[in-house]
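Read the structure below first, then the notes.
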Amino acid sequence: MAETIGFLQPKPEVIARRREIVADLSDLLPEGCLISDERGLKPFETDAFIAYRRMPLAVALPETTEQVAALLKYCSRYGVPVVPRGAGTSLSGGAIPQEDAVVIGLSKMSRILDVDLFNRTATVQAGVTNLNISEAVSADGFFYAPDPSSQLACTIGGNIGMNSGGAHCLKYGVTTNNLLGVKMVLFDGTVVELGGKALDAAGYDLLGLVCGSEGQLGIVTEATVRLIAKPEGARPVLFGFSSSEAAGACVADVIGSGIIPVAIEFMDKPAIEICEAFAHAGYPLDVEALLIVEVEGSEPEMDAVLASIVAVARRHGVATIKECQSAMEAAAIWKGRKSAFGATGRIADYICMDGTVPLSQLSHVLARTGEIVASYGLRVANVFHAGDGNMHPLILYNINDPEDAARAEAAGNDILKLCVDAGGCLTGEHGVGIEKRDLMLHQYNQIDLDQQMAARAAFDPQWILNPSKVFPLKGRPAA
């Protein structure tokens, strides 16, 4: 792909000292926890935003908070940039390194440290996968609510960095609503603890600042999260519509009526066909758009909420209503939805966008999204968290064709601008990374950005943590 997103120039003084830096880092870590050979570094040159890649100087895989602190103390002393990395599932390029940077990967920090069912909390290392928390407490009747589609692989540290959500965030909230405390290492190796098991910690809400900061304020090594009791029952229902606009209007009307299901997920016809071919979930193929609406509670509660939703859907000309009849059928429905990104990758390369819009604008933005992508001669499949307006259009293209790739990126930028112009924002859960960095001035003026950068610099005055991300490269203060 033709490079259109820039990176900071590597520091020549760091590159010149590469061999010495690698030797010093090796002394700070146990054997087998540092990668510096070209073949070993290759898997770390990009993340799930595969259009861009850079080979890092080295990759450190610490096993303890103390080792992370030692690494950051060293890198701070010598001005070596650091790129934190969880599982590398970032869709915005948040974990893509640069040639003078040390990647600090947290995959070896994968222990569940404490489960406190009485207080309904779990404390885990940052490399624990999202799904692993729910699996660890499932037998006791609890779960961890945020459930991004990559939950089988993505880690809590990465979830905190991007403030990840998922299908069930409509009722239970995103990561920031389920995060109680963190242990974090600052740029100079100082270890701090923010929050704890209490629902609201005293003092400034620094935890709220850290969640979603994309690894630019420090490296989270441990997290304390909320556990939620499993509902008595849950029932996903499929609603098919004759147009995406009708489905979007139905979503806005459901929420506007004061009905809050557990989840409302959207698929248009291309996404339905892709996911059904992969998962055989029983999705209707004779509709233009599909909503997966899940309700939960006792049987009478689910019946009552579902009846209200059906009444709204009928006002919008719903063509198909299919209730789940078994746990196996429910699992298949969610397998299809959570496999959407992987299933799409079987048929084409794609860029997955992440703009969020007010629900009142959902139908308009869906229609314009199709028009924008078509104007570039490309195709789009829409699959997203409709209940909170977090759109994920998948722009299909050929990554081996530079012109095709450039068109896909331009179409994505136009869609994100559309989301902002409609009253929304650039990102709902994927983060800014490099993908949306140069669009930040479309959402914020320079004064806004200066204030945000001042807060960032208070934590990392040297700007060594994930330095090429989030903020436009021009207009930054001198480190």
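The values are calculated or read from the model by the stated rules, or taken from the named source; none is laboratory data. All of these numbers come straight from a predicted model, not from anything done at the bench. Quick reminder, even Gly has a Cβ in these numbers, built from the backbone with ideal geometry, and neighbours come from all protein chains shown. Surface areas here come from the heavy atoms of the whole protein model, side chains and all, with no ligands, DNA or RNA. Shrake-Rupley method; radii C 1.70, N 1.55, O 1.52, S 1.80 Å.
Overall form of region 36-106: prolate. Here a/c, set by the Cα gyration tensor axes a ≥ b ≥ c, is 1.5 or more, and a/b is the larger of a/b and b/c.
Only one residue of Gln325, Ile264, Ala234 has its Cα farthest out toward the positive end of the dipole of the chain, where Lys and Arg carry +1 and Asp and Glu -1 on Cβ, and that residue is Ile264.
In the chain the Cα-Cα distances spread across 20 Å bins starting at 0 as 24, 56, 19, 1 percent of all pairs.
A cut-off of 5 Å between modelled amide H atoms, ignoring neighbours fewer than 5 places along the same chain, links Gly218 with no other residue.
Rounded to the nearest 500, the helix-only mean residue ellipticity at 222 nm of the chain stands at -10500 deg cm²/dmol, with each DSSP H run of n ≥ 4 adding -39,500 (n - 2.57).
Under 12 Å from the Cβ of Leu71, count the other residues' Cβ atoms, weight Lys and Arg +1, Asp and Glu -1, and hand me the total. Don't skip to the end; give the middle numbers.
Values: positive: Lys73, Arg77; negative: Asp24, Asp27, Glu63, Glu66, Asp188.
That sum, taken over residues with Cβ under 12 Å, equals -3.
Using a 1.4 Å probe on the protein chains only, how many percent of the accessible area of region 282-372 belongs to carbon and sulfur?
On the way: 2170 of 3940 Å².
C and S fraction of accessible area: 55 percent.
When restricted to Cα atoms, region 121-215 yields an Rg and a Dmax of 13.2, 41 Å, respectively.
Per residue, the Cα convex hull of region 257-360 amounts to 119 Å³. Per-residue surface analysis assigns Thr4 an accessible area of about 90 Å², computed on protein heavy atoms at 1.4 Å probe radius.
The equivalent ellipsoid of region 323-461 has semi-axes of 28, 20, 16 Å, largest first, where each one is the square root of 5 times an eigenvalue of the Cα gyration tensor.
The residues of the chain present an accessible area of 40 Å² per residue when probed at 1.4 Å with all protein chains retained.
Would you mind classifying region 219-299 by shape? Square roots of the alpha carbon gyration tensor eigenvalues, ordered a ≥ b ≥ c; an a/c under 1.5 is rounded, otherwise it is prolate if a/b is larger than b/c and oblate if not. Write down the numbers at each step before the final one.
On the way: a/c = 1.85, a/b = 1.50, b/c = 1.24.
Prolate, because a/c is 1.5 or more and a/b exceeds b/c.
Just to confirm my numbers, what's the Cα centroid distance between region 136-189 and region 198-238 in Å? The two parts, judged by their Cα centres, are 6 Å apart. Entry for region 1-133 at q = 0.11, 0.13, 0.16, 0.20 Å⁻¹: log10 I(q)/I(0) = -0.43, -0.58, -0.83, -1.18, Debye formula applied to identical alpha-carbon scatterers, no solvent contribution.
Work through the residues other than Leu285 whose Cβ is under 11 Å from its Cβ and net out their charges, Lys, Arg +1 and Asp, Glu -1. Show your work: numbers first, answer last.
On the way: positive: Lys269; negative: Glu273, Glu276, Asp286, Glu288.
For residues surrounding Leu285, the net value is -3.
Using a 1.4 Å probe over the heavy atoms of the protein chains, calculate the carbon and sulfur portion of the accessible area of region 377-468 as a whole percent. Carbon plus sulfur share of accessible area: 50 percent. Overall, region 398-479 carries a charge dipole of about 360 debye about its Cα centre when +1 sits on the Cβ of Lys and Arg and -1 on the Cβ of Asp and Glu, all other atoms neutral. Evaluate the Kirkwood expression for the hydrodynamic radius of region 398-479, namely the inverse of the mean inverse distance over all pairs of different C-alpha atoms, and round to one decimal in Å. 14.1 Å is the Kirkwood radius here. Its convex hull of Cα atoms gives region 255-304 a direction-averaged projected area, equal to a quarter of the hull surface, of 4.5 nm². Spatially, region 434-449 and region 48-125 are offset by 25 Å when compared through their Cα centroids.
Treating the beta-carbon of each Lys and Arg as +1 and of each Asp and Glu as -1, no other charges, what is the dipole magnitude of the chain about its Cα centre, to the nearest 20 debye?
On the way: 38 positive and 57 negative charges, 103 e Å.
For this selection, approximately 500 debye.
Taking the protein heavy atoms of region 1-137 in the context of the full set of protein chains, the accessible area attributed to carbon and sulfur is 50 percent at 1.4 Å.
When Glu31, Glu214 are compared by accessible area at a 1.4 angstrom probe, the order from most to least is Glu31, Glu214.
Dipole check for region 228-348: with +1 at the C-beta of Lys and Arg, -1 at the C-beta of Asp and Glu, and the Cα centre as origin, the magnitude is about 280 Debye.
Taking a ≥ b ≥ c as the square roots of the eigenvalues of the Cα gyration tensor of region 77-132, is the shape rounded (a/c under 1.5), prolate (a/b larger than b/c) or oblate?
Here region 77-132 falls in the prolate category.
Quick one: net charge around Gly428, please, counting Lys, Arg +1 and Asp, Glu -1 for every other residue with C-beta under 9 Å from its C-beta. Could you put the intermediate results ahead of the total?
Details: positive: none; negative: Asp354, Asp388, Glu429.
Net local charge, Gly428 excluded: -3.
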